[in-house]
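Undergrad: This structure is in structure tokens; I'll ask about it shortly.
The values are calculated or read from the model by the stated rules, or taken from the named source; none is laboratory data. Just so you know, these numbers come straight off a predicted model, no measurement behind them. Because the Cβ atoms are built from the backbone with ideal geometry, glycine has one as well, and the counts that use them run over all protein chains shown.
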Amino acid sequence: MARIAFIGLGNMGGGMAANLAQAGHDVRAFDLSGDALDRAKTKGCTPAASPAEALAEAEAVVTMLPAGRHVAEVYRASVFAAAPKSAILIDCSTIDVATAKTVAAEAGAIGFTMVDAPVSGGIAAADGGTLTFMVGGSGEGFSRAQPILDVMGKAVIHAGEAGAGQAAKICNNMLLGATMAATCEAFVLAQKLGLDLQTFYDISSKASGQSWSMTSYCPVPGVGPETPADRNYEGGFATALMLKDLKLAMAAAKECGAYTPMGGEAEELYQRFADRGGAGKDFSALIKMIDDSWVVPPSADA
Ligand code: NAD
């Protein structure tokens, strides 16, 4: 069992660190939030008073932070100075590809092995240890990170060199954002054309319009499997996080010169929905903005 420094014990990191501790690892946890540290303690982690205390003698470092600037700051100000060079560095945050590559290069230049390992799956998957990890880094980095990621996930996939994990994550989520928007539009159009929505689902879920957004995450309450739509769009994957990932995708597309009109349209739609108060709702609640006369009672409107 390894001594693991875990930094960032929020909605996702809290459950991930707990799973490592429950598997028998010696998890030294740090977060700026005292509440997060207290929760980690009740889940078997050892709270640290500072990043340096958590990082001392670590064999692995796992970070789960909000955005690129937090990751760059934590690695430059703390990890590079306080972690042993022998520790494998694993950043599981969703951040921009450019920062992921830069921080990994800085780590490599001073003798560390680092991988980016963003996740697919939300808080329930983090708590349940069923995340999917997309890993960017060398083959050696992947091999060293895999046993630790295996504890927290159901799938660990090597996407390529440094930054490739982040690239895979934002390409996937751009596709998800765009297919969900199109699925919402299709249901609204179907309703306005007088189709029964269950019948449309039965047809389209077996026809060429089928996608994960329709068959696993249907935005219409009472149609398809149980989804956040059946819980007034609570829980699930917040619009604010989808918007964050779309912005990362659009920034990356601009940087590498990729033409992504559907991704751009999806970003604009989710931005408008967030501005109208939908930021905290599941991203499939976009359907309510596309058709304000939607079936959810007005009092529950985002
Ligand atoms: P969160 O805001 O709940 O947690 C982030 C934690 O980092 C907070 O506890 C905060 O106090 C801590 N933190 C910030 N700066 C710090 C610093 N300098 N030192 C130590 N701790 C610091 O966020 P989250 O929902 O857990 O998401 C974390 C990452 O996972 C994000 O990059 C997010 O995009 C990604 N993600 C989230 C979900 C989800 O459903 N929530 C799903 C997939 C990926």
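Undergrad: Pairs under 8 Å by beta carbon, first residue within 20 Å of GLN22 (Cβ to Cβ) and assigned by TED's automatic domain parsing to the domain that holds THR99 in region 146-169, partner among the acidic types (Asp, Glu) and modelled with pLDDT of 95 or more, six or more apart or different chains?
TA: Once the first residue is within 20 Å of GLN22 (Cβ to Cβ) and assigned by TED's automatic domain parsing to the domain that holds THR99 and sits in region 146-169, its partners that are among the acidic types (Asp, Glu) and modelled with pLDDT of 95 or more give VAL156/ASP150.
Undergrad: Return yes or no: is SER93 within 15 Å of GLY68 (Cα to Cα) and of a type in the set (Gly, Ala, Ser)?
TA: Yes; evaluated as a whole, the condition is true for this residue.
Undergrad: If ALA98 meets every condition in (1) over 19 Å from the mean Cα position of the chain (by Cα); (2) over 21 Å from LEU149 (Cα atoms); (3) more than 10 Å from the ligand (Cβ to nearest atom) apart from one, which number is that one?
TA: (1)
Undergrad: Out of all the residues in region 120-139, which are surrounded by 23 or more Cβ atoms within 10 Å (Cβ to Cβ) and under 20 Å from ALA40 (Cβ atoms)?
TA: The first filter runs over region 120-139 and keeps only residues surrounded by 23 or more Cβ atoms within 10 Å (Cβ to Cβ), leaving 126, 131, 133-137.
Result: ALA126, LEU131.
Undergrad: Identify, please: which residue in region 114-127 is at pLDDT 95 or above and farther than 13 Å from LEU149 by Cα and is, among those, nearest to the ligand (Cβ to nearest atom)?
TA: Just the residues of region 114-127 that are at pLDDT 95 or above, to begin with: 114-119, 126-127.
Pick out the ones that are also farther than 13 Å from LEU149 by Cα and you get 114, 127.
On the way: MET114: 16, ASP127: 11 Å.
Here the residue is ASP127.
Undergrad: Name the single residue, out of those in region 198-219 being surrounded by 12 or more Cβ atoms within 10 Å (Cβ to Cβ) and among the aliphatic types (A, V, I, L, M), that is nearest to MET289 (Cα to Cα).
TA: Among them, the one singled out is MET214.
Undergrad: Quickly run through region 76-95 and pick out the residues that are under 20 Å from the mean Cα position of the chain (by Cα) and more than 24 Å from GLU255 (Cα to Cα).
TA: Listed by number, the residues that qualify are LEU89, ILE90.
Undergrad: Filter region 222-274 for residues that are surrounded by fewer than 15 Cβ atoms within 10 Å (Cβ to Cβ) and at positive phi; which is nearest to the chain's Cα centre (by Cα)?
TA: By that ranking, first place goes to GLY235.
Undergrad: With modelled with pLDDT under 95 and on the phi < 0 side of the Ramachandran plot as the only criterion, which of SER216, SER205, SER211 stands out? It would help to see each step written out before you state the result.
TA: On the way: SER205 fails: modelled with pLDDT under 95; SER211 fails: modelled with pLDDT under 95.
Exactly one residue qualifies, and that residue is SER216.
Undergrad: Against the conditions (1) out of contact with any Cys (no Cβ under 9 Å at 6 or more places or on another chain); (2) away from the ligand (no atom under 11 Å from the Cβ); (3) assigned by TED's automatic domain parsing to the domain that holds CYS218, where does PHE142 fall short? Just the number, please.
TA: (3)
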